[in-house]
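The values are calculated or read from the model by the stated rules, or taken from the named source; none is laboratory data. Since this is a predicted model, take the numbers as computed values, not measurements. All Cβ positions, glycine included, derive from the backbone under ideal geometry; neighbour counts span all protein chains shown. Accessible surface is based on the protein model in full, side chains and every heavy atom, while ligands, DNA and RNA are left aside. Shrake-Rupley method; radii C 1.70, N 1.55, O 1.52, S 1.80 Å.
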Amino acid sequence: MTDCGCEKARRDLEEYLRNEVCNTEASDIRDHLDNCESCRDEALVNRTLTEVVARACKEAAPEELKAMVLARLREQQTHA
């Protein structure tokens, strides 16, 4: 049984989604994703997860919460 490119596409998928593969590899993976529903679905899941995590990382805690946490940390350090 020969692989239709799924193994390589999935192995390099994270790097591809972060634009960390050379143009030739990106083109090969893009072509594979255009023709393979299973890998395309996996790429969509990975891309969605990456976007959700990136959005979550951009969110900041409210200043009041930050101040409370820092105050508690300082309190703990003085009692240690």
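Ligands, DNA and RNA aside, Arg11 has an accessible area near 140 Å² when probed at 1.4 Å.
Of the GluC sites (Glu not before Pro) found in the chain, the ones in coil according to DSSP and having at most 12 other Cβ atoms within 10 Å of their Cβ are Glu20, Glu59. For the chain, the solvent-accessible area works out to 84 Å² per residue, with a probe of 1.4 Å and every protein chain left in place.
The C-alpha atoms of the chain define a longest principal axis, and helix 23-35 lies at about 80 degrees to it.
To the nearest 10 degrees, how steeply does helix 63-79 sit against the main Cα axis of the chain, on a 0 to 90 scale? That helix lies at roughly 60 degrees to the long axis. Placing +1 on the Cβ of every Lys and Arg and -1 on the Cβ of every Asp and Glu, with no other charges, gives the chain a dipole of roughly 540 debye about its Cα centre. For the chain, taking a cut-off of 4.7 Å between Cβ atoms, the unpaired cysteines are Cys4, Cys6, Cys22, Cys57. Working note: Debye formula, equal point scatterers on the alpha-carbon atoms of the chain, no solvent; log10 I(q)/I(0) at q = 0.20 Å⁻¹ is -0.89.
Among the protein heavy atoms of the chain, carbon and sulfur supply 53% of the accessible surface, probe 1.4 Å, non-protein parts ignored. Between Leu49, Cys39, Leu17, the Cα set farthest toward the positive side of the dipole of region 16-80 (charges on each charged residue's Cβ, about the Cα centre) is that of Leu49.
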